[in-house]
Amino acid sequence: MDSDITFSIIKPDAVSKGYTGQILTRITGSGFTIAALRMVRLTRQQAEEFYYVHRERGFYRGLVEFMSSGPVIVMVLRKADAVDEFRKLIGSTDPATADRGTIRAEFATDVQKNAVHGADSPENARREASFFFPAIEIF
Ligand code: CDP
Ligand code: MG
């Protein structure tokens, strides 16, 4: 059952451009159901912790700055094989190379401001979901 959830964020660029509704429509239209959802503004410290795995990367500082720059939508999504299915739906990290029809190809600005986050494994999906939602709030 747990491989049926993934964790996603609609990032500050997409929220500020007013794409939240269209992105949610794409997600639910692709067979995901929303198991948890909230709007939140990450503190710098929360963004650092969330992306801790990337702390040695050149893009880490800018990423932390960007992710804490405005409100985001955090959510848990449910579908069979949710992690892989969601990564297919959002497309590759850089929208310039993302397949046509993917959410990043349609809504992202650049490789940093790429509209959405999707967990990369079931283990990380659970860890990231618990970062924002107690189990009782995941339906
Ligand atoms: O989000 P995804 O799993 O596709 O990519 P990642 O390699 O885990 O990187 C996490 C996030 O860092 C990306 O979604 C981008 O927002 C940002 N990033 C960046 O700013 N510059 C890069 N060259 C690569 C990633
Ligand atoms: Mg990643």
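Just a few scattered comments:
- Ordered by 1.4 Å accessible area with all protein chains kept, Arg78, Arg61, Arg55 run largest first as Arg61, Arg55, Arg78.
- The chain: C-alpha gyration tensor shape, a/c 1.5 cut-off, then a/b vs b/c: rounded
- Taking the protein heavy atoms of region 5-137 in the context of the full set of protein chains, the accessible area attributed to carbon and sulfur is 51 percent at 1.4 Å.
- Projecting the Cα atoms of Thr25, Tyr51, Phe7 onto the dipole axis of region 5-54, where Lys and Arg carry +1 and Asp and Glu carry -1 at the beta carbon, places Thr25 farthest toward the positive end.
- Expected 222 nm ellipticity per residue - DSSP helices of 4 or more, -39500 (n - 2.57), all of the chain, to 500: -10500 deg cm²/dmol
- Probe 1.4 Å, protein heavy atoms only - accessible area per residue of region 13-80 in square angstrom: 53 Å²
- Our estimate of slack between Thr43 and Tyr60, defined as 0.36 nm per intervening residue step minus the Cα-Cα distance, is 4.6 nm.
- Dipole size of the chain about its Cα centre, with +1 on Lys/Arg Cβ and -1 on Asp/Glu Cβ: approximately 360 debye, rounded to the nearest 20.
The values are calculated or read from the model by the stated rules, or taken from the named source; none is laboratory data. Keep in mind the model is a prediction, meaning the values are calculated, not measured. In this analysis, Cβ positions are derived from the backbone assuming ideal geometry, glycine residues included, and neighbour counts consider all displayed protein chains. To get the accessible areas, we keep the full protein, side chains included, count just its heavy atoms, and leave off ligands, DNA and RNA. Shrake-Rupley method; radii C 1.70, N 1.55, O 1.52, S 1.80 Å.
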